[in-house]
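Heads up, the thing below is written out as structure tokens.
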Amino acid sequence: MRKSVVLLLGCLAGSLHAQPGPQAFVGATLLPIDGPAISNGTLLVQDGRIRAIGANVPIPAAATVHRMDGKVIMPGLVDTHSHIGQVAGADSSAPIQADVRALDSINSRHAGLMKAKAGGITTVNVMPGSGHLLSGQTNYLKLRNASTVEALAIRTESGAMAGGIKMANGTNPLRASPFPGTRGKAAALMRAQLVAAKEYCDKKDSDTPPPRNIGHDALCEVFAGERIVHHHTHRHDDVLTVLRLADEFNFRVVLHHVSEGALVADAIAKAGVAASIIHIDSPGGKLEVMNLLPDNGKVLADAGVLLAYHTDDPITDSRLFLRSAAMGVRFGLDRETALRSVTLNGAKMLDLQDRVGSLTVGKDADFIVLSGDPLSVYTRVEQTWVEGEKVFDLADPEQALFATGGYGAGRDQVASDVLQLEAAQ
């Protein structure tokens, strides 16, 4: 029975997530992100979208009213770089493997997804690792109550699964042949691959197209601006190499980690490239992160760089994501940018700013309910909602386990849609 239930998930996921009537969240302090805070506000959602927000929102007679007095409501958090779901990409056979797709390795029932919800994360870019110059195609997921990648996937207008592509430089991809042994050779291999892919793309739609190359197909999307390059890079010279390649081959790129970004902040800003950074209290493990400064975010933002934080989970815990923004403020980042750095700015880096990242009428009803100020160490994520559906509730002891830890918090989950299907049998 369980096997047949799982096989049905892909086609039934839509009906399982049908939204109830209008829901009004009343009395909270609302942090829209794209506008000023609203005291004693009302957030009205219906059919998975935000329908109204303000201090004097008429509440439909049929609405379910949720009293949120003393709480804070803000958009669901956007994590631009994560490895939840036990994701794995390329193997040791080659340094560049553009044909590999993260979606084929994501364990969508892994406890890490539930822990991310407990941290208030609603949108996440799940990426393979950085041990390759190109380790595969990434997936943008909504952390809905679902148990297949297909049901979690964010879709483009064409219906395709949205995602980017993961590249890396610096020490991680350096190893014995066929991998590069030097930074210069790493860049040379990447250039050669991009040249070959460009030639393929130019001939792809001709009268005599070349044989199908799945990896080159992904790079064609990169050249067309449809797939963003998410590039692992730490040292200042490695950052400049990425900017050089992006300019040479005219692709869109988001810099990830950027440990020495403060040293080349003006160059990043001039290139118009965004930076998704990580806050680590005790950098270690490799020499290229030894110059990671705690005020890296402030320096980059002051230079005019679009800034976001990410978890790189399991490097930092998804449940503590708001702490990154708070630490940014601790070291000089202004509060408004800090809140944007875990919401709207991240959405922009994933081309999802029209759907998520702010409490804006028409956007997806992705939001979190907090016990207090989002940047306070004492604040807890009490509820997480995705498209108008509650996906985490701290008041539920079984779900609270994933926020607090303990026996059973690491087990794979049986998602609510599976339970609903089984109950219907």
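The values are calculated or read from the model by the stated rules, or taken from the named source; none is laboratory data. Bear in mind that the values here come from a model prediction, so they are computed numbers and not experimental data. Please note: Cβ atoms are built from the backbone with ideal geometry, for glycine as well, and neighbour counts cover all protein chains shown. Note: accessible area is taken over every heavy atom of the protein model, side chains too, but ligands, DNA and RNA are not part of it. Shrake-Rupley method; radii C 1.70, N 1.55, O 1.52, S 1.80 Å.
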Quiz item: What aspartates and glutamates could a cross-link reach from Lys390, if we take a straight Cα to Cα line under 15 Å and drop same-chain neighbours fewer than 8 places away?
Solution: Asp47, Asp364, Asp366, Glu382, Glu398, Asp417
Practice problem: Using per-residue counts of other Cβ atoms within 10 Å, averaged over each peptide, order 148-154, 73-79 from highest down. | Solution: 73-79, 148-154
Exercise. Can you figure out the FRET efficiency of Gln86 with Asp202, using R₀ = 41 Å and their beta-carbon distance, to the nearest 0.05?
Key: 0.60
Self-check item: Potential extension, Val65-Ala160 segment - 0.36 nm per residue separation minus Cα distance
Solution: 30.6 nm
Quiz item: When the accessible area of region 229-335 is split by element with a 1.4 Å probe, what percent falls to carbon and sulfur?
Solution: 53
Self-check item: Electrostatic dipole magnitude of the chain [Cβ: Lys, Arg +1; Asp, Glu -1; Cα centre; debye, to 20]
Solution: 320
Quiz item: Which one is right for this structure if volume of the Cα convex hull per residue in Å³ is calculated from it: (1) 180; (2) 157; (3) 202?
Solution: (2)
Quiz item: Hey, in the GNM for the chain with a 10 angstrom Cα cutoff, which one of Leu189, Leu352, Leu219 fluctuates hardest?
Solution: Leu189
Practice problem: Please find the FRET efficiency linking Asp295 to Thr379, where r is the Cβ-Cβ separation and R0 is fixed at 25 Å, and quote it to the nearest 0.05. | Solution: 0.60
Practice problem: Find how many whole Å separate the alpha carbon centroid of region 108-148 from the alpha carbon centroid of region 306-364. | Solution: 16
Self-check item: Heavy-atom surface of the chain, accessible at 1.4 Å and reported per residue (Å²)
Solution: 42
Quiz item: What number, rounded to the nearest 500 deg cm²/dmol, is the helix-based mean residue ellipticity at 222 nm of the chain, given -39500 (n - 2.57) per DSSP H run of at least four residues and division by all its residues?
Solution: -8500 deg cm²/dmol
Self-check item: Packing rank of 49-56, 115-122, 29-36, where each peptide gets the mean count of other beta carbons within 10 Å, highest leading
Solution: 115-122, 29-36, 49-56
Practice problem: Compute the FRET efficiency between Asp317 and Val361 as 1/(1 + (r/R0)^6), taking r as their Cβ-Cβ distance and R0 = 51 Å, and round to the nearest 0.05. | Solution: 0.95
Quiz item: How far apart, in nm, are the 7 Å Cα→Cβ label points at Asp99 and Asp237?
Solution: 3.5
Quiz item: Using 7 Å Cα-to-Cβ label points, what is the Ala188/Ala267 separation (nm, one decimal)?
Solution: 2.1
Exercise. Using Cα positions and a limit of under 13 Å, work out the aspartates and glutamates in reach of Lys198, with same-chain residues fewer than 8 apart set aside.
Key: Asp217, Glu221, Glu248
Self-check item: Residues listed by number, region 167-184, amide nitrogen under 15 Å from Lys286 label point at 7 Å toward C-beta
Solution: 167-176, 179-184
Quiz item: Remind me, relative contact order of the chain in percent, using alpha carbon pairs under 8 angstrom and six or more residues apart?
Solution: 20
Quiz prompt | Label-point separation, Arg335 to Asn250 (7 Å along Cα→Cβ), nm | solution = 4.5
